[in-house]
Amino acid sequence: MQPHSRRAWLAAAGTLWLSERRASADPVRLQLITAKANAIRDLSLADLRQIYRGRRISIAGVKLVPFNHPPNTPDRVAFDRIVLGMSPEEVGRYWIDQKIRGGDSPPRIIDSVALLVRVVAALPGAIAYVREGFSAPDLKVVTLEGRPPSDPRYPLTY
């Protein structure tokens, strides 16, 4: 399979998975995580959007460093649609445009949730998203718009 057709297949598979997931009874909630020692407690959706668009933002004296899942994974596709309002193709074009214009760098991508958790726990200001219910002793969940993931109106739900 050629790289271009593989990307198209992965994008279609991610979209299919999302549509199947939406048809099921249980919604998926993505919770924001950071190191337990960080002062960050809550973010607005607007701040989260700016962080994941590469803008350098400091909250409570902490410079936030975003981490992302690999492109075309179901959680990444949903996160990008909810937070950035973009499809995987639009996100790719956005970052190409930023690179051409000498703009900001994209969030770092980490393939493994286990590694993602270790990095977020160890790096001051690191922020990422994982599925609701995931916990680790060195992490805390950051509320979004004042709502925890258990709130029915929590924004990062698909």
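Here are the numbers:
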| item | result |
| --- | --- |
| Qualifying residues in segment 123-158 (those that are over 19 Å from Ser112 (Cβ atoms) and among the aromatic types (Phe, Trp, Tyr)) - the one surrounded by the most Cβ atoms within 10 Å (Cβ to Cβ) | Tyr154 |
| Residues satisfying the stated conditions in segment 105-146, i.e. under 20 Å from Leu84 (Cα atoms) and more than 17 Å from the chain's Cα centre (by Cα) | Gly146 |
| Where Val120 falls short, out of the listed (1) among the β-branched types (Val, Ile, Thr); (2) open to solvent by 40 Å² or more (accessible area, probe 1.4 Å); (3) in contact (Cβ under 8 Å) with a residue 24 or more places away in the chain | (2) |
| Unique residue being more than 18 Å from Leu43 (Cβ to Cβ), open to solvent by 30 Å² or more (accessible area, probe 1.4 Å) and out of contact with any Lys or Arg (no Cβ under 9 Å at 6 or more places or on another chain) when the list is Ile96, Ile82 | Ile96 |
| Residue count for segment 26-69, restricted to those that are open to solvent by 20 Å² or more (accessible area, probe 1.4 Å), of a type in the set (A, V, I, L, M) and touching a residue at least 60 places away in the same chain (Cβ under 8 Å) | 4 |
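The values are calculated or read from the model by the stated rules, or taken from the named source; none is laboratory data. The model shown is predicted, which means the values in this text are computed figures rather than measured ones. Neighbour counts run over all protein chains shown; Cβ positions are idealised from the backbone, glycine included. Protein only, heavy atoms only, side chains kept; ligands, DNA and RNA dropped before computing areas. Shrake-Rupley method; radii C 1.70, N 1.55, O 1.52, S 1.80 Å.
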